[in-house]
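Below is one structure; the comments refer to it alone.
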Amino acid sequence: MTGVYHWLRTRVFPPVPQAIRDDVALLRANRIETLTPMLFLTLAATTPTAIYGGVATVHPFIRIGFPVILAVVSLLGFVILWRNRGRRMSVRRARRMIVESTWLSGTMGLMCSVWTVINWFAAPPEAHSYYAMIMAMGSLATAYCLSSIRFTTFVNLGIGLVPIMLLMLTSGNPPEIAAGTSLFVATVFLLRMILQQHSQLIDLLQLQQQMRDLAHTDPLTGLWNRRELDARLDQEIAAAESDTRFAIALLDLDGFKPVNDQYGHAVGDALLCEVAARLRHACGGAAIVARQGGDEFAILVPAGSPLLDTSLSGHILCELAMPYRIDGATIHVGASIGVATWPEHGTTAKKLFEIADRAVYAAKAAERDPMSSVESAAQAG
């Protein structure tokens, strides 16, 4: 039993990586929104023929009522999706649509399957192929439209095709056995294609995620790059109100060039990674750390961050003060920090960077006196 569960978890329903779960949900919902309206119309259009082909001895609620209910639900689904066309798809709405599609398609498939099986038993043997065909076509069309949702596809094919296949394979009629076998092979092939499609989809979305990360992160340290920092700062300014307060800090390492000259660029790169790790630790989730380039870093402290109530410069410098141990060497580097606060020092990104940059130069000018350097950086904040 454990082996079967493991096979289902790893081969049939492998978990979606956390980093792309939102992307997968959005893609699934958009596919449903694109393909399902025509499916709804098709199902509604086949209602008259289903009623016409029902066996007269079957109870009217099943023979007529089930197709009518399906037609009404299909028309309502089409109208709702048509009215929502062009509406922005949020992750929350996408997840809700996926759950609703699973329940709705499963319920409709069950009603169709019950209608088919009951009519099969009530109909003469020569009419069996009609019910098998209408059920197979409806289930396969639904599976195609919902193929981006593996679980929903398996449920619909199981509910819709397994009963009619069993009836055909156990009928004792050679043509029906042959048709049931062909339907089984086609279903297995379709499921295989759906699993392959899902794997390719996951690979594609992971590649897109990696490309986005490369476009917005520094490849050496893994910190946000300047482009992402500028975008986050613009968002912070756009959302700011009159009583909002946030800060931008620029940091420049002191004595980094001699490290490269003495130990080589590999050690210099390792040092930058260590500095990045300390900055992450110092800021935690309360600020955004970015690498501007070279030995220059930046920190965006958003509105509401507890770091706004501390001496940001002193807090960062204390974190960086301890020497670094890299490849057996003990390395000492300092840092100069300049801080600009919105709206006190400026209400535009350009002005905030100018003020913070001036504060960095003021701190460097006082670097011969460590206490003066700290005070200069703290005053700039």
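Things to note:
- Pick from region 206-225, criterion out of contact with any Asp or Glu (no Cβ under 8 Å at 6 or more places or on another chain) and open to solvent by less than 80 Å² (accessible area, probe 1.4 Å), ranking: nearest to residue 160 (Cα to Cα): 206
- Taken as a whole, the structure places residue 254 among residues that are in contact with a strand residue (DSSP E or B) (Cβ under 6 Å, 6 or more places away or on another chain) and either among the β-branched types (Val, Ile, Thr) or over 30 Å from residue 304 (Cα atoms) (or both).
- Set side by side, the residues 133, 137, 97, 111 differ, and just one is open to solvent by 20 Å² or more (accessible area, probe 1.4 Å) and within 22 Å of residue 202 (Cβ to Cβ), which is 97.
- Any chance residue 217 is polar (S, T, N, Q) and touching a Phe, Trp or Tyr at 6+ places or on another chain (Cβ under 8 Å): yes
- Residues that are more than 23 Å from residue 196 (Cβ to Cβ) and open to solvent by 20 Å² or more (accessible area, probe 1.4 Å), drawn from region 160-175: 163, 166, 167, 169, 170, 171, 172, 173, 174, 175
- Residues (of a type in the set (D, E, K, R) and under 28 Å from the mean Cα position of the chain (by Cα)) located in region 169-224: 192, 203, 212, 213, 218
The rows are residues; the columns are (1) under 40 Å from the mean Cα position of the chain (by Cα); (2) surrounded by 15 or more Cβ atoms within 10 Å (Cβ to Cβ).
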site	(1), (2)
115	yes, yes
123	no, yes
142	yes, yes
151	yes, no
156	yes, yes
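- Contact map, region 352-376: residues that are at pLDDT below 50 paired with residues that are part of a helix (DSSP H, G or I) and open to solvent by 70 Å² or more (accessible area, probe 1.4 Å), Cβ distance under 8 Å, separation 6+ or inter-chain. Pairs shown: 376/365.
- If the condition is being among the hydroxyl-bearing types (Ser, Thr, Tyr) and in contact with a Leu (Cβ under 9 Å, 6 or more places away or on another chain), then region 192-238 contributes 217, 221.
- Scanning region 43-56 for residues that are surrounded by fewer than 16 Cβ atoms within 10 Å (Cβ to Cβ) and either among the basic types (Lys, Arg) or under 25 Å from residue 84 (Cα atoms) (or both) yields a single hit, 45.
- Scanning region 319-363 for residues that are of a type in the set (Val, Ile, Thr), over 38 Å from the mean Cα position of the chain (by Cα) and more than 15 Å from residue 298 (Cα to Cα) yields a count of 3.
- Pairs are defined by a Cβ separation below 7 Å, a sequence spacing of at least 6 or placement on different chains, a first member in region 84-98 that is in contact (Cβ under 8 Å) with a residue 24 or more places away in the chain, and a second member that is open to solvent by less than 100 Å² (accessible area, probe 1.4 Å) and outside any helix (DSSP H, G or I); the pairs so defined are 98/149.
- Candidate set: region 113-153, residues that are among the aliphatic types (A, V, I, L, M) and not in a helix (DSSP H, G or I); chosen: the one farthest from residue 172 (Cα to Cα): 149
- Inside region 332-345, residues that are open to solvent by less than 10 Å² (accessible area, probe 1.4 Å), touching a Leu at 6+ places or on another chain (Cβ under 6 Å) and over 16 Å from residue 292 (Cβ atoms) make up a count of 0.
- Residue count, region 245-267 (criterion: of a type outside the set (A, V, I, L, M) and touching a Phe, Trp or Tyr at 6+ places or on another chain (Cβ under 7 Å)): 2
- Condition broken by residue 286, with the remaining ones in (1) out of contact with any Pro (no Cβ under 9 Å at 6 or more places or on another chain); (2) closer than 21 Å to residue 222 by Cα satisfied: (1)
- Matching residues, region 67-92, being open to solvent by less than 30 Å² (accessible area, probe 1.4 Å) and within 17 Å of residue 107 (Cα to Cα): 67, 70, 71, 74, 77
- Scanning region 186-197 for residues that are polar (S, T, N, Q), open to solvent by less than 40 Å² (accessible area, probe 1.4 Å) and under 30 Å from residue 154 (Cα atoms) turns up at least one hit.
- Any chance residue 203 is open to solvent by 60 Å² or more (accessible area, probe 1.4 Å) and at pLDDT below 90: yes
- Some residue of region 133-153 being of a type in the set (Val, Ile, Thr) and out of contact with any Gly (no Cβ under 8 Å at 6 or more places or on another chain): yes
The values are calculated or read from the model by the stated rules, or taken from the named source; none is laboratory data. All figures in this text were calculated on a predicted structure; none of them were measured in a lab. Counting neighbours? That spans all protein chains shown, and the Cβs are built from the backbone with ideal geometry, glycine included. Please note that ligands, DNA and RNA were not included when accessible areas were found on the heavy atoms of the full protein model with its side chains. Shrake-Rupley method; radii C 1.70, N 1.55, O 1.52, S 1.80 Å.
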